[in-house]
Amino acid sequence: MIEKAHHWENVYRNKSFDAVSWYAPHLAESLRLIEQLCLDKTAAIVDIGAGESTLVDDLLQRHYLDLSVPDISATAIEFTKQRLGTKAAQVSWHVGDITRYDFASKQFDLWHDRAVFHFLTEPSARRSYIELVRRSMQPGGYVLMATFGPDGPRQCSGLDVVRFTDEQLHHEFGDGFEWLGSEINHHQTPSGTHQQFLYCWCRRSY
Ligand SMILES: C[S@@+](CC[C@H](N)C(=O)[O-])C[C@H]1O[C@@H](n2cnc3c(N)ncnc32)[C@H](O)[C@@H]1O
């Protein structure tokens, strides 16, 4: 945990928000899919490993009322809070490793993860993550995952990643998650290269 936290702290302390390879001014695909899946503005939405992304700003602007933002990096969380100013008080912030986290009794209606799950190269870490999804979501809730696709990069931020097809990702989650859809997207990094992402969404059925 300390090693991982140290890695991400270093990234956010030493790189500008718009220089990291995953930077996008807005997470347009995520926003579009969240709005399709969650019409109700009272839906409890969590953005796992949000980093310094502007998804929380855009969800607040669209009047979503129950937002939670966890990340392993305290620096990233602090940066986002500063950017939001007084609006930061409307969000529930968490610092910690998602493979060891617990949201207590909180139950989410939508779980969003862009570019976090694919860093869990150990099967046991992925199992812990999915156990947390099960504990933190009611049946009927939606899980929206964006990982590197089968032709995506093998590394990101100097770390190995796992690449997924939609079948492999669905298999990771196992029974109780009903596959609803998936699409491939190509993210253009600030340096102009392209990275293949897989967006995949499902519903917790039991
Ligand atoms: C590639 S960045 C993606 C950031 C953001 N989701 C986005 O799409 O712009 C990965 C993020 O996951 C966070 N992260 C990595 N491992 C984590 C873990 N085990 N628990 C919580 N956050 C983690 C990092 O600090 C970083 O902000």
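The values are calculated or read from the model by the stated rules, or taken from the named source; none is laboratory data. Being a predicted model, the structure only gives us computed values, none of them experimental. Backbone-built Cβ (ideal geometry, glycine too); neighbour counts: all protein chains shown. Heads up: the accessible areas ignore ligands, DNA and RNA and are worked out on the full protein's heavy atoms, side chains in. Shrake-Rupley method; radii C 1.70, N 1.55, O 1.52, S 1.80 Å.
A single member of Ser53, Ser16 is more than 17 Å from the chain's Cα centre (by Cα) and among the hydroxyl-bearing types (Ser, Thr, Tyr), and it is Ser16. Residue count for the stretch 32-51 satisfying the condition of being touching a helix residue (DSSP H, G or I) at 6+ places or on another chain (Cβ under 7 Å) and within 12 Å of the ligand (Cβ to nearest atom): 5.
Scanning the stretch 37-51 for residues that are open to solvent by 20 Å² or more (accessible area, probe 1.4 Å) and in contact with a strand residue (DSSP E or B) (Cβ under 9 Å, 6 or more places away or on another chain) returns Leu37, Asp40, Lys41, Thr42, Gly49.
Does Arg100 fit the bill of being within 12 Å of the ligand (Cβ to nearest atom) and of a type in the set (D, E, K, R)? Criteria met by Arg100. Taking the criterion of being aliphatic (A, V, I, L, M) and near the ligand (Cβ under 9 Å from one of its atoms), the residues of the stretch 103-118 that qualify are Ala115, Val116. When Ala19, Ala24, Ala44 are screened for being touching an Asp or Glu at 6+ places or on another chain (Cβ under 8 Å) and modelled with pLDDT of 95 or more, only Ala44 passes. Of note, Ala76 satisfies the criterion of being surrounded by 17 or more Cβ atoms within 10 Å (Cβ to Cβ) and within 12 Å of the ligand (Cβ to nearest atom).
Pairs linking a residue in the stretch 10-21 that is open to solvent by 70 Å² or more (accessible area, probe 1.4 Å) to a residue that is within 11 Å of the ligand (Cβ to nearest atom) and polar (S, T, N, Q), with Cβ atoms under 8 Å and 6 or more positions apart or on different chains, are Arg13/Thr75.
Remark: Trp93 matches the filter, which requires a residue to be away from the ligand (no atom under 11 Å from the Cβ) and either open to solvent by less than 50 Å² (accessible area, probe 1.4 Å) or more than 28 Å from Ser191 (Cβ to Cβ) (or both).
Annotation: Val11 fulfils all but one of (1) within 11 Å of the ligand (Cβ to nearest atom); (2) β-branched (Val, Ile, Thr); (3) within 23 Å of Gly181 (Cα to Cα); the unmet one is (3).
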